[in-house]
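K.L.:
A single structure is presented below for examination.
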Amino acid sequence: MVRALALSAALMAATPLAASEGHEAVTTFTLDNGMDVVVIEDHRAPVVQHMVWYRAGSADEPVGSSGVAHFLEHLLFKGTDTLAPGEFSATVAANGGNDNAFTSYDYTAYFQRVAADRLELMMRMEADRMRNIRLTDEDIATERDVILEERNQRTDNSPRALFSEQMSAAQYLNHRYGVPIIGWRHEMETLDMEDALSFYQTHYAPNNAILVVTGDVEPDDVKALAEEYYGVIPANPDLPERFRSQEPPQTAERRLTFKDARVSQPYVQRSYLAPERDPGEQEKAAALFLLAELLGGSTTSYLNEKLQFEQQKAVYAGAFYRGVSLDDTTFDLLVVPAQGVSLQEAEDAMDQAVADFIAEGVNEEDLDRIKMQLRAAQTYARDNVDGIGNRYGRALTSGLTVEDVQAWPEILQAVTGDEIIAAAREVIQPETSVTGWLMRDDEVTQ
């Protein structure tokens, strides 16, 4: 389902959430123009990461203009009223920092990591390109060629990427998650100035953005700078509701076979439509996260023990759950068959192993071990300024709140084996599944 888009009520005023065991020191507030700000303090090194996250990704693109969100991401590194093309990144580098950007289904994000005393410069430049980009026809033609070449390298030259693209297209009957983030080639080729500026003028506004600052900063200082540089940008009064076409009931399992002579290792993949993490209701997602860890999260997981070591029918088995998503996501299984094992045999062995896991129930020792590993990973994650900013930014642009992010570790620790099996029974249903075989042209299917 589409989840609430606003941050929690804590963002209505500057609200510090004090650091505690396992939690970061987080302060949140909202500027008068609607821009949300999250400050995460870490004073151990004089470094800061400055990020602006827009609640606009590829799933928010107009039908027929796939790839425009990523296209615009490239174009924002061109000129503005005050910066020449390329000057933004050159200035960051000249100040000893690094910068980049990335686009996903639910967001587009821009970041710089620099010395803490360069934060004001980063804000000034990022605020400038929030509303003042200046594009030429040459910019459009050049960057369109760049993204087409990027598609060549990352998708068209990779059978695995093409296969994954087809899996997603088959999984989503009506939702934009079935369209690749980079775009369909035939639509990318037609992207023009009007497409880029329309997306920019619609979505790139302070009331559609979240500023996330992590590192050696004081919240009051960040607030003063944010008000000076971002606070003067007018909100977009015509910002559209974040409406997505939703999935109809899925009532028929789907199968596909992708053949390519370049395939070096055939494998079987299965995806199931699954619920995402919802604000205030993350328990089911936590159960699915742990289900993925138990089934295929490591070399000692259930599928690997059964298929790789006991039966020797696979050289790899994995399970994956992508819970941070604005709308319904997927739960995935993947098995790479051993030499001499057909794809059908591998698929049958996978299905039997999953059925056995559900029938046997969760091994409590395995669950306790995974929970202990998660506690350790949570501690280590606090040392990664980049990762902290990404964790909060992805969550908040996907409808979660700061409180949800901080509650997640405890929710994971509270999940029981019975809840994991209940989630497995609910999600692992043939009617909502897509099974794909990636294989060579000459591969024997039986």
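K.L.:
Please give the number of the condition Leu295 fails out of (1) buried (at least 20 other Cβ atoms within 10 Å of the Cβ); (2) modelled with pLDDT of 95 or more; (3) more than 24 Å from Leu256 (Cβ to Cβ).
P.N.:
(3)
K.L.:
When you check Gln339 against the structure, is it without any contact (Cβ under 8 Å) to a residue 40 or more places away in the chain, surrounded by fewer than 17 Cβ atoms within 10 Å (Cβ to Cβ) and either of a type in the set (Lys, Arg) or farther than 22 Å from Glu419 by Cβ (or both), yes or no?
P.N.:
yes
K.L.:
From the list Arg151, Arg118, which residue is part of a helix (DSSP H, G or I) and under 14 Å from His70 (Cα atoms)? Steps first, please.
P.N.:
Working: Arg118 fails: under 14 Å from His70 (Cα atoms).
Exactly one residue qualifies, and that residue is Arg151.
K.L.:
Taking interchain pairs and intrachain pairs at least six residues apart, which have beta carbon atoms under 7 angstrom, with the first residue in the range 24-35 and free of Cβ contacts under 8 Å to residues at least 60 places away in the same chain and within 18 Å of Trp408 (Cα to Cα) and the second assigned to a loop (DSSP other than H, G, I, E, B) and open to solvent by 20 Å² or more (accessible area, probe 1.4 Å)?
P.N.:
Ala25/Ala18; Ala25/Ala19
K.L.:
Restricting to the range 240-263, name every residue that is under 26 Å from the mean Cα position of the chain (by Cα) and buried (at least 16 other Cβ atoms within 10 Å of the Cβ).
P.N.:
Narrowing the range 240-263 to residues under 26 Å from the mean Cα position of the chain (by Cα): 240-250, 253-256, 258.
Arg242, Arg244, Glu247, Gln250, Arg254, Phe258, listed by residue number.
K.L.:
Given Asp106, Asp99, which one is part of a strand (DSSP E or B), under 25 Å from the mean Cα position of the chain (by Cα) and more than 17 Å from Leu135 (Cα to Cα)? Give the steps one after another, and end with the answer.
P.N.:
Numbers: Asp106 fails: part of a strand (DSSP E or B).
Exactly one residue qualifies, and that residue is Asp99.
K.L.:
Where residues in the range 97-139 are free of Cβ contacts under 8 Å to residues at least 24 places away in the same chain and of a type in the set (Asp, Glu), which of them is surrounded by the fewest Cβ atoms within 10 Å (Cβ to Cβ)?
P.N.:
Glu138
K.L.:
If I filter the range 307-324 for residues that are crowded, with 17+ Cβ neighbours inside 10 Å and assigned to a helix (DSSP H, G or I), do I get at least one hit?
P.N.:
Scanning the range 307-324 turns up at least one residue that is crowded, with 17+ Cβ neighbours inside 10 Å and assigned to a helix (DSSP H, G or I).
K.L.:
With the condition kept exactly as written, say whether any residue in the range 390-397 is aliphatic (A, V, I, L, M), modelled with pLDDT of 95 or more and open to solvent by less than 30 Å² (accessible area, probe 1.4 Å).
P.N.:
The answer is yes, given that some residue of the range 390-397 is aliphatic (A, V, I, L, M), modelled with pLDDT of 95 or more and open to solvent by less than 30 Å² (accessible area, probe 1.4 Å).
K.L.:
Moving on to the next point. Determine whether the range 198-220 contains at least one residue that is within 30 Å of Phe163 (Cα to Cα) and either assigned to a helix (DSSP H, G or I) or over 27 Å from the mean Cα position of the chain (by Cα) (or both).
P.N.:
Within the range 198-220 (the criterion being within 30 Å of Phe163 (Cα to Cα) and either assigned to a helix (DSSP H, G or I) or over 27 Å from the mean Cα position of the chain (by Cα) (or both)), the answer is yes, since at least one residue qualifies.
K.L.:
Right, another one. Exactly one condition in (1) without any contact (Cβ under 8 Å) to a residue 40 or more places away in the chain; (2) of a type outside the set (Gly, Ala, Ser); (3) open to solvent by less than 30 Å² (accessible area, probe 1.4 Å); (4) not in a helix (DSSP H, G or I) is false for Val405; which is it?
P.N.:
(4)
K.L.:
For the range 377-396, enumerate the residues that are in a helix (DSSP H, G or I), farther than 17 Å from Ser104 by Cα and either in contact with a Pro (Cβ under 9 Å, 6 or more places away or on another chain) or free of Cβ contacts under 8 Å to residues at least 12 places away in the same chain (or both).
P.N.:
Ala377, Gln378, Tyr380, Ala381, listed by residue number.
K.L.:
Report every pair of residues separated by at least 6 positions or lying on different chains whose Cβ atoms are under 6 Å apart, first residue within the range 209-220 and buried (at least 24 other Cβ atoms within 10 Å of the Cβ), second polar (S, T, N, Q).
P.N.:
Hits for this filter: Thr214/Gln49; Gly215/Gln49.
The values are calculated or read from the model by the stated rules, or taken from the named source; none is laboratory data. Predicted model, so just to flag it, every value in this text is computed and none were measured. Reconstructed Cβ throughout: ideal geometry from the backbone, glycine too, with neighbour counts over all protein chains shown. The area values use the complete protein model at the heavy-atom level, side chains included, leaving out ligands, DNA and RNA. Shrake-Rupley method; radii C 1.70, N 1.55, O 1.52, S 1.80 Å.
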